[in-house]
Amino acid sequence: MAPLEPRGRLTFASVKDRLGIRSPNNVANLLTGEMASLTQEDLRVLLLTTKNHVGAVHSIYVGIVNISLGRAAEVFSPALRENYPCIILAHNHPSGDPTPSKQDIDLTKQLREARDLLNVDLLDHITIAHNSLTSMKERGWEQ
């Protein structure tokens, strides 16, 4: 893996180095080491190929201690710009509780509506806190 680039983008050297995402735990393995100890919420988007290989990870918003806001334009922009058909959204909860907030759920609903218009699939929205995570898809909030 290549190091983090100045704009908060993680890229992979070649196709064989790309991590395949098969479950929320794969996302956690990729991001938890870095995100679990952050003191502010950091909203990231993972860009995925049609075979769910990670092409890049972008940090798109850093919030305050307990709030991270995102707009559909910022969330989907890296995928549209770099021509990736799928994304996973992930952010940390510095509080240590991975339970999605009302704002997290509302954002996910907005993004699921926007994805249909943009033709970019939102596969999941994952909240990371210390050594735990919550997958909105697994909890049924993806609809």
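Taking the criterion of being assigned to a loop (DSSP other than H, G, I, E, B), over 15 Å from CYS86 (Cβ atoms) and either among the hydrophobic types (A, V, I, L, M, F, W, C) or at pLDDT 90 or above (or both), the residues of segment 9-28 that qualify are PHE12, ALA13. When ILE60, ILE67 are checked against the criterion of being over 18 Å from SER132 (Cβ atoms), at pLDDT below 85 and among the β-branched types (Val, Ile, Thr), a single residue qualifies: ILE67.
Which of the residues that make up segment 116-138 are charged (D, E, K, R) and modelled with pLDDT of 90 or more?
ASP121, ASP124, LYS137, GLU138
If the condition is being assigned to a helix (DSSP H, G or I) and closer than 23 Å to ALA36 by Cβ, then segment 98-110 contributes LYS102, GLN103, ASP104, ILE105, LEU107, THR108. In segment 114-143, of all residues being assigned to a helix (DSSP H, G or I) and without any contact (Cβ under 8 Å) to a residue 24 or more places away in the chain, the one that is farthest from ALA73 (Cα to Cα) corresponds to ASP116.
The values are calculated or read from the model by the stated rules, or taken from the named source; none is laboratory data. For clarity, every value in this text was computed on a predicted model and none was experimentally measured. Note that each Cβ is placed from the backbone with ideal geometry, even for glycine, and that neighbours are counted across all protein chains shown.
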